[in-house]
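Down below is the structure, laid out as structure tokens.
The values are calculated or read from the model by the stated rules, or taken from the named source; none is laboratory data. Nothing here was measured: the structure is a model prediction, and the numbers come from that model. Don't worry about glycine lacking a Cβ; one is built from the backbone with ideal geometry, like all the others, and counts go over all protein chains shown. Only protein heavy atoms, including side chains, enter the accessible area calculation; ligands, DNA and RNA are left aside. Shrake-Rupley method; radii C 1.70, N 1.55, O 1.52, S 1.80 Å.
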Amino acid sequence: MTFPFLELATVNAPFMEEIQKRVAGVIASGRYVGGPEIDEFEENLARLTGARFAVGVSNGLDALRLILRAYVAMGVFPPGGEVIVPANTYIASVLAISDAGLVPVLAEPSAATSNLDLDRLEEYLSPKTCAVMPVHLYGRVCFSGALEEFARRNSLRIIEDNAQATGASTMTPDRGRVMTGNLGDAAGFSFYPTKNIGALGDAGAVTTNDADLARMVRALANYGSDRRYHNIAEGFNCRLDPVQAAVLNVKLPWIDRENSYRRKIAETYIREISNPAVMLPLLPGDAGEMVWHQFVVHTADRAAFTAWLEKNGVGWDSHYAVPPHLQPCYLGSGKIVSPHPLTVTERLAHTCVSLPVTRCTTVEDARTISGIINRYTTG
Ligand SMILES: *Cc1c(COP(=O)(O)O)cnc(C)c1O
């Protein structure tokens with residue numbers, strides 16, 4: 001590939017020297033679970049998001065599972081409670097809900113943004129609804145005054161799936177500019193290696209302003225133990241590894257620089273691609289609302305388009321070609337609910353193509369790739 005989709009060694013190269021020093025420190029310390037790197041990471045993430053509490057955990061799926069299971073353990077959510085979630089998300093959002101003994105209610109996204117349509121949430125409400133899980137898909141903030149109002153009116157919790165939008169922010173009606181991870185009642189983060197800030201393995205975190213929730217999440221991630229040999233709930237082992245915390249302590253301070261870089265590449269595509277067969281993502285009016293975890297275009301004949309990209313040395317991916325409700329684990333399982341046919345979701349899944357938008361792509365590359373795309377014809 002002349003233009004690789006993503007090569008993690010390239011992404012991490014600028015941080016390697018510092019990472020090696022920090023990781024060597026963890027190895028020499030003799031402290032391999034918990035410890036100062038974890039504390040520092042949690043402080044760093046709380047400071048970045050503005051949330052009062054941050055709890056480092058094993059990965060993004062566990063972050064979401066722990067939030068939902070904590071609300072169940074605290075008696076806030078009844079078993080079988082419903083959680084409204086976009087149907088076109090990575091399956092982890094949905095897995096977290098069904099894992100906690102709750103019911104994912106799959107909602108159609110807005111075709112314009114690929115995010116949950118926040119003006120149509122009423123349609124998914126039932127007496128069993130206990131939460132909404134907006135997913136900031138591709139790094140685009142999914143939040144509005146209407147969502148807050150809907151949640152308040154119906155006593156619902158807002159749980160952000162912030163796996164793809166670390167460092168994004170939006171203007172809120174009451175609180176001015178707020179970072180993702182501090183918009184709702186709780187948020188799950190992923191630092192999987194391919195995310196905007198990635199560890200060198202699995203890592204995740206939960207943020208919240210709710211002291212009780214933070215305490216329960218921390219306990220559940222540590223065998224349900226709130227202090228040594230005292231178990232308040234049947235928990236798990238979902239702790240963040242201090243080696244990964246050390247990596248994240250090196251990379252997290254650079255989140256704005258990394259996101260700005262992605263913005264520059266995305267803006268180049270939007271300026272340069274002019275092929276009517278390729279539908280571009282919307283450029284938000286407020287640049288902070290999009291951190292371009294993926295740059296996703298839509299095209300009717302994906303097979304022909306991606307064959308053209310490959311022939312010209314352009315790497316690509318599809319996020320996500322098969323939506324959760326069509327996966328074998330959920331198909332016909334009775335474990336998910338979808339009040340409406342998921343036509344928009346399925347159309348987006350059939351037509352989405354992600355273009356390279358990371359440090360592996362230069363502005364010059366993005367110009368060349370745009371030219372290749374402009375020469376694509378539908379035959
Ligand atoms: C990556 C991702 C997750 C899961 O995170 P992991 O760290 O891979 O477990 C959850 N939701 C979304 C939207 C994601 O992109």
Worksheet item: How high is the FRET efficiency from Ala277 to Thr194, r the C-beta distance, R0 25 Å, rounded to 0.05?
Response: 0.35
Discussion item. Only Cα pairs within less than 10 Å get springs; with that Gaussian network setup on the chain, which residue of Asp202, Asp241, Asp119 has the largest fluctuation?
Written reply: Asp119
Worksheet item: Pick from Phe191, Phe150, Phe77: which is most flexible by mean-square fluctuation in a GNM of the chain where alpha carbon atoms under 10 Å apart are linked?
Response: Phe150
Worksheet item: Under a point-charge model restricted to the Cβ atoms of Lys and Arg (+1) and Asp and Glu (-1), what is the dipole moment magnitude of the stretch 309-369 relative to its Cα centre, in debye to the nearest 20?
Response: 140 debye
Discussion item. Quick check: pseudo-label points 7 Å beyond the Cα along Cα→Cβ at His230 and Lys335, how many nm apart are they?
Written reply: 3.6 nm
Discussion item. Which one, Leu156, Phe41, Val217, is farthest towards the positive end of the dipole of the chain when Lys and Arg carry +1 and Asp and Glu -1 on their Cβ?
Written reply: Phe41
Response to the item:
Here the membrane-span-like helices of the chain, with no claim about any membrane, defined by DSSP H, Cα axial extent at least 15 Å and mean Kyte-Doolittle at least -1.0, are 16-29, 36-49, 60-73, 363-374
Worksheet entry | Share of carbon and sulfur in the accessible heavy-atom surface of the stretch 232-364 [1.4 Å probe, %] | 55 percent
Worksheet item: Hey, got a sec? Which GluC sites (Glu not before Pro) in the stretch 178-276 land in a DSSP loop and have at most 11 other Cβ atoms within 10 Å?
Response: Glu234
Worksheet, complete the sentence: If one builds a Gaussian network model of the chain from Cα atoms under 10 Å apart, the most fluctuating residue listed among Ala303, Ala165, Ala214 is Ala303
Discussion item. With +1 on the Cβ of every Lys and Arg and -1 on the Cβ of every Asp and Glu, and nothing else charged, how large is the dipole of the stretch 115-257 about its Cα centre, in debye rounded to the nearest 20?
Written reply: 420 debye
Discussion item. Just to make sure I understand: if all protein chains stay in place, what is the order of Leu355, Leu125, Leu283 by accessible area at 1.4 Å, largest first?
Written reply: Leu283, Leu125, Leu355
Worksheet item: Hey, what does the equivalent ellipsoid look like for the stretch 161-238, semi-axes from the Cα gyration tensor as sqrt of 5 times each eigenvalue, largest first, whole Å?
Response: 27, 18, 7
Fill in: Computed magnitude of the charge dipole of the chain (debye, nearest 20; Cβ of K, R +1, Cβ of D, E -1)
280 debye
Worksheet item: Share of antiparallel DSSP beta bridges in the chain, in percent to the nearest 5?
Response: 60 percent
